[in-house]
């Protein structure tokens, strides 16, 4: 069974750093893109960026470029989303999702989500 | 960036009624348009890919159509369990984008 399992909920203070994870199983982790999607409380889905674990090639949405960093460790089939300077406005649910294939960014399997709360 | 505009934003529907949700792209995206269902406190779930391709395990009352800039998600004979938010998503170009969502409520 193809699965993406994300790390647990986080509570942080403004200015702190954070790295959340997304571990893939049941498929070839290096052959599919992993995308990240933000959902702020009560709001819709926002596409943040995507990484290809095979070579760590990344593409960011302009809205998130410079605000977050995507990375992956293919040796442990895990993708990461990282912040260096959290803001209260980063409070949201974050999902990772797998692409259909190497050639398309459409997403089929989703993680369970990681809640990030940033509050002083 | 391609903008996806869904309509309506909200729909209140009685069981067994037919639901139609549209998604319009700001430029042609071929068939690289996908539909997701998100129930409260759950992750999004893929319903339809490439505008009209069905997904294994998704009830047959869900169907999609369209190409280019105009797309439709149809739910035939709505059931109570279909209460959810529905999103379209394009993967034709980066950045990927989502529609703003359509909330379907059961009367």
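Bear in mind that the values in this text are calculations on the coordinates, not laboratory data. Because the structure is predicted, anything quoted here is derived from the model rather than measured. FYI the Cβ positions are ideal-geometry reconstructions off the backbone, even for glycines, and counts take in every protein chain you see.
Here are a few things to note about the model shown:
- Residue among A:88, A:72, A:97 with the largest mean-square fluctuation in a Gaussian network model of chain A, springs linking Cα atoms under 10 Å: A:88
- Taking A:107, A:48, A:40, A:93 and counting other C-beta atoms within 10 Å, the order from fewest to most: A:40, A:93, A:48, A:107
- Counting every other Cβ atom within 10 Å of each residue's Cβ, B:34, A:57 order from fewest to most as A:57, B:34.
- Mean separation of Cα contacts under 8 Å, 6 or more apart, over the residue count of chain A: relative contact order %: 36
- Only Cα pairs under 8 Å and 6+ residues apart enter the sum, and on that basis the relative contact order of segment B:18-107 stands at 33 percent.
- Residue A:82 paired with residue A:58, simple spin-label distance in nm, labels 7 Å along Cα-to-beta-carbon: 0.8
- Theoretical gain in end-to-end length, residue B:83 to residue B:1 [0.36 nm per residue, Cα-Cα removed]: 26.5 nm
- Model label sites at residue B:58 and residue B:24, defined 7 Å from Cα along the beta-carbon direction, differ in position by 2.3 nm.
- Here is the size of segment A:1-77 from its Cα atoms: Rg then Dmax, 13.4, 38 Å.
- Estimated from the Cβ-Cβ distance and a Förster radius of 25 angstrom, the FRET efficiency linking residue A:10 and residue A:73 is about 0.85.
- At R0 = 41 Å, FRET efficiency that the Cβ-Cβ distance of residue B:16 and residue A:112 yields, to 0.05: 0.80
- The distance from the alpha carbon centre of segment A:106-120 to that of segment A:41-104 is 10 Å, rounded to a whole number.
- Shape call, segment B:5-85: gyration tensor on alpha carbons, a/c limit 1.5: prolate
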